[in-house]
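The values are calculated or read from the model by the stated rules, or taken from the named source; none is laboratory data. Please read these numbers as outputs of a predicted model, since none were measured by experiment. Neighbour counts are summed over all protein chains in view; Cβ atoms, including those assigned to glycine, are modelled from backbone coordinates with ideal geometry. What goes into the accessible areas is simple: the full protein's heavy atoms, side chains included, and nothing from ligands, DNA or RNA. Shrake-Rupley method; radii C 1.70, N 1.55, O 1.52, S 1.80 Å.
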Amino acid sequence: MKLVRYGPAGKEKPGLIDADGKVRDLSRKVKDIDAGTLAPAKLKELAKLDPNKLALVKGRPRLGACVAMPSKFVAIGLNYSDHAKESGNPIPEHPVVFFKSQTCIVGPNDNIMVPRDSTQLDWEVELGVVIGRTARYVERKDALKYVAGYCVINDVSERDFQLKKGASQWNKGKGCDTFGPLGPWLVTTDEIRDPQNLAMWLDVNGVRKQTGNTKTMIFGVADLVADLSRYMTLLPGDVITTGTPPGVGMGMKPQQWLQPGDIITLGIDGLGEQKQNVVAFKGKRAA
């Protein structure tokens, strides 16, 4: 199945994508695409539904993040050897873990906002993993049983915040508002035979910047779920973004940074595509 959340920001409804690529309403079956919906038993129940008997959503509604607010948005750094090299870092012996804030999560086609004082805004296409069962001290051989599905993620990054102003911690440059587009949909594991063989790409203004495949990840999905579950309990609905292939702006010579007016498009085989406009910060200070 391809599960979606559609509608205005903050008022999204659950849905699924039918065989014609149209959105069908699931709001009479589930409250949201959340922990309860992602449980194995519930997913099996939804898989038995006839999409043609669900109400068709007219038009082209906005798509929200494909998962309702997760308890954790865990990110993995330097997980492709070529990307580690272009970043000037050694290949890690263990997964590099940081967190993206819940408030960075937006829909797959929502605008990316340049933060105040930003000078080095960057892009990163990544495979997202959505947890479906509580995972604690999971063995690698069993790890994929705890995954509900996969999605596309743009791990938007502000490198000056991340590397210079973060005092060796990356969170400042990873968790700004709009830095976590999720979707367009969550694809359940029955549709993805092998998460370690998915082609991925990202363009800026129609120019290809990143081309990669999840088969070149240093730590695969099973490795990451097993490793993370040793240090934190993963809950249904939690999201893991698994690292990016080479081709980020920071690694280019000369370096390239996103500017207002730029358009980013990205996608992963079988998981759909995203498109974001980069816009200038227009917010105000809190009272």
Residue count for the range 47-62, restricted to those that are more than 22 Å from residue 273 (Cβ to Cβ) and in a helix (DSSP H, G or I): 3
Residue match in the range 216-239 (condition: in a strand (DSSP E or B), in contact (Cβ under 8 Å) with a residue 12 or more places away in the chain and open to solvent by 10 Å² or more (accessible area, probe 1.4 Å)): yes
Residues of the range 5-23 satisfying the condition of being in a strand (DSSP E or B) and either out of contact with any Lys or Arg (no Cβ under 9 Å at 6 or more places or on another chain) or open to solvent by 30 Å² or more (accessible area, probe 1.4 Å) (or both): 13
Residue tally, condition more than 17 Å from residue 74 (Cα to Cα) and open to solvent by less than 20 Å² (accessible area, probe 1.4 Å), over the range 169-191: 3
Subset tally (residues that are part of a helix (DSSP H, G or I) and touching a residue at least 60 places away in the same chain (Cβ under 8 Å)) for the range 85-137: 4
Near pairs, Cβ below 9 angstrom, 6+ apart or cross-chain, from the range 25-37 (touching a residue at least 40 places away in the same chain (Cβ under 8 Å) and loosely packed, with under 15 Cβ neighbours inside 10 Å) to any residue that is among the aliphatic types (A, V, I, L, M) and assigned to a loop (DSSP other than H, G, I, E, B): 36/30
Criterion: open to solvent by 10 Å² or more (accessible area, probe 1.4 Å), closer than 16 Å to residue 180 by Cα and not polar (S, T, N, Q) - qualifying residue of 110, 117, 122, 82: 110
Single residue of the range 164-185 satisfying the filter (modelled with pLDDT under 95 and of a type in the set (D, E, K, R)) that is nearest to residue 277 (Cα to Cα): 172
Restricting the range 154-168 to residues that are in contact with a helix residue (DSSP H, G or I) (Cβ under 9 Å, 6 or more places away or on another chain) and touching a residue at least 24 places away in the same chain (Cβ under 8 Å), the residue that is surrounded by the fewest Cβ atoms within 10 Å (Cβ to Cβ): 160
Count of the range 241-269 residues which are among the β-branched types (Val, Ile, Thr) and assigned to a loop (DSSP other than H, G, I, E, B): 3
